[in-house]
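Notes follow the structure.
The values are calculated or read from the model by the stated rules, or taken from the named source; none is laboratory data. Bear in mind the structure is a predicted one, so any value in this text is a computation, not a measurement. Cβ coordinates were reconstructed from backbone atoms using ideal geometry, including for glycine residues, and neighbour counts include every protein chain displayed. We work out accessible area using only protein heavy atoms, side chains counted, and drop any ligands, DNA or RNA first. Shrake-Rupley method; radii C 1.70, N 1.55, O 1.52, S 1.80 Å.
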Amino acid sequence: MIALIWSGTSRLYWLLIPLAMLYGLITVVIRYSYRAGWRRVWRAPIPVAVVGNLTAGGNGKTPLVVWLVEQLQRQGCRVGVVSRGYGGKAERYPLVVDASVSTVQAGDEPVLIYQRTGAAVAVSPVRRDAIEVLLARQPLDVIVTDDGLQHYALARDIEIVVVDGEHRFGNGWWLPAGPMRERADRLRSVDAIVVNGGASQSGEIAMHLQPGDAINVLTGETCPVATLTGSVAMAGIGHPPRFFATLRAQGVNVVREVTFADHQTYLQEAIQALTEDNQQPLLMTEKDAVKCRAFAQANWWYLPVDAQLAEPGASLLLDKITSLLPSPRA
């Protein structure tokens with residue numbers, strides 16, 4: 001139902017417009033309070049690149065963060081990543097992510113980014129605290145924030161917005177009548193617009209998510225995903241249909257699709273019950289896999305995806321970030 005309301009297909013969104021107007025007024029006042037100097041903005045001693053979105057739900061933001069980190073690392077940059085850690089609940093903040101930190105503590109996305117890139121990652125509702133704890137531990141050249149476009153207490157040097165190319169901005173209304181955290185005219189002030197799937201427009205950087213081989217959650221074994229016939233597919237991400245469509249496009253014979261809420265905590269018994277026995281393949285996203293690894297079974301697999309950005313936009317974006325660094329990278 002929420003998808004129908006946000007897309008404008010259902011006229012029920014008119015009933016939510018008063019709440020949306022209140023939400024919009026609050027967001028506008030918050031942003032203006034920082035721009036006017038009524039509230040303090042903290043600037044980090046190194047460049048900060050914010051990756052965020054204007055809409056609620058999954059847009060492909062985390063794959064873009066991983067791509068940015070890996071590309072900058074290849075240029076010799078020492079990259080730190082900070083995140084709100086949505087879905088996690090640590091005893092204290094800031095929390096530095098390492099091999100012992102679970103998704104229950106840090107949230108799924110920070111753990112995924114750490115496991116994928118090996119970058120320094122810290123979690124805190126106050127991004128300043130996360131940056132300061134990372135800088136106290138090691139020298140860094142640049143900070144990438146996973147989300148945080150609306151966290152105006154942190155000054156930023158680069159703003160990158162990820163847009164879902166298939167759904168764009170729905171009916172264009174603020175939450176809860178529509179999917180918008182901020183209105184679309186906010187795009188005029190950002191440094192780059194990256195469009196995940198669908199059709200990109202002039203001035204936007206096209207991105208698509210390229211799936212790799214399936215990886216066994218328990219053993220790390222790899223195999224072509226199309227060979228996992230008769231699979232049950234599960235997804236607990238912002239937009240599960242995208243994952244299921246990817247599996248179909250890869251030729252996977254999926255007999256059942258199971259949707260979970262984004263950032264949901266999983267229990268071993270509930271996930272095991274999705275398959276008939278310990279032989280039927282269970283396919284999940286990488287974001288799900290980081291939450292299931294501690295109790296993984298031999299028939300559980302995940303499909304990693306890598307962000308692919310079109311040229312020349314990809315190189316121009318990287319050049320814009322590296323130009324902010326105090327010295328050329330090796």
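In the set (1) open to solvent by 40 Å² or more (accessible area, probe 1.4 Å); (2) over 21 Å from residue 170 (Cα atoms); (3) touching a residue at least 24 places away in the same chain (Cβ under 8 Å); (4) among the basic types (Lys, Arg), residue 248 fails one condition alone, (3). Selection of segment 90-104 for residues being farther than 19 Å from residue 115 by Cα and open to solvent by 90 Å² or more (accessible area, probe 1.4 Å) yields 91, 92. The number of residues in segment 231-245 that are within 17 Å of the chain's Cα centre (by Cα), surrounded by 15 or more Cβ atoms within 10 Å (Cβ to Cβ) and either closer than 17 Å to residue 196 by Cα or among the charged types (D, E, K, R) (or both) comes to 6. Candidates in segment 251-285 are the residues that are under 28 Å from residue 98 (Cβ atoms) and assigned to a loop (DSSP other than H, G, I, E, B); of these, the one that is least open to solvent (accessible area, probe 1.4 Å) is 266.
All told, residue 99 meets the bar of being assigned to a loop (DSSP other than H, G, I, E, B) and of a type in the set (Gly, Ala, Ser). Could you list, in sequence order, all residues of segment 164-217 that are open to solvent by 40 Å² or more (accessible area, probe 1.4 Å) and either assigned to a strand (DSSP E or B) or in contact with a Pro (Cβ under 9 Å, 6 or more places away or on another chain) (or both)? Across segment 164-217, the qualifying residues are 167, 170, 173, 208, 209, 210, 213.
Rundown of residues vs (1) within 21 Å of residue 138 (Cα to Cα); (2) of a type in the set (D, E, K, R), yes/no style:
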| site | (1), (2) |
| --- | --- |
| 75 | yes, no |
| 86 | no, no |
| 92 | yes, yes |
| 99 | yes, no |
| 111 | yes, no |
| 116 | yes, yes |
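Within the bounds of segment 29-37, is there any residue that is outside any helix (DSSP H, G or I), within 28 Å of residue 326 (Cα to Cα) and open to solvent by 20 Å² or more (accessible area, probe 1.4 Å)? Yes.
Examine segment 253-268 for a residue that is over 21 Å from residue 51 (Cα atoms), aromatic (Phe, Trp, Tyr) and in contact (Cβ under 8 Å) with a residue 24 or more places away in the chain, and state whether such a residue exists. Scanning segment 253-268, I find at least one residue that is over 21 Å from residue 51 (Cα atoms), aromatic (Phe, Trp, Tyr) and in contact (Cβ under 8 Å) with a residue 24 or more places away in the chain, so the answer is yes.
Quick check on segment 148-157. Is at least one of its residues assigned to a strand (DSSP E or B), touching a helix residue (DSSP H, G or I) at 6+ places or on another chain (Cβ under 6 Å), in contact (Cβ under 8 Å) with a residue 12 or more places away in the chain and open to solvent by 10 Å² or more (accessible area, probe 1.4 Å)? No; the residues of segment 148-157 include none that is assigned to a strand (DSSP E or B), touching a helix residue (DSSP H, G or I) at 6+ places or on another chain (Cβ under 6 Å), in contact (Cβ under 8 Å) with a residue 12 or more places away in the chain and open to solvent by 10 Å² or more (accessible area, probe 1.4 Å).
Conditions tested, residue by residue: (1) assigned to a helix (DSSP H, G or I); (2) free of Cβ contacts under 8 Å to residues at least 40 places away in the same chain; (3) under 17 Å from the mean Cα position of the chain (by Cα).
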{"position": "40", "(1), (2), (3)": "no, no, no"}
{"position": "50", "(1), (2), (3)": "no, no, yes"}
{"position": "57", "(1), (2), (3)": "no, no, yes"}
{"position": "62", "(1), (2), (3)": "yes, no, yes"}
{"position": "65", "(1), (2), (3)": "yes, no, yes"}
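Among the residues of segment 119-139, the ones that are crowded, with 20+ Cβ neighbours inside 10 Å, of a type outside the set (Gly, Ala, Ser) and in contact with a Lys or Arg (Cβ under 9 Å, 6 or more places away or on another chain) come to 2 in all. Does residue 288 satisfy the condition of being open to solvent by 30 Å² or more (accessible area, probe 1.4 Å) and among the charged types (D, E, K, R)? So residue 288 does not fit the description; no.
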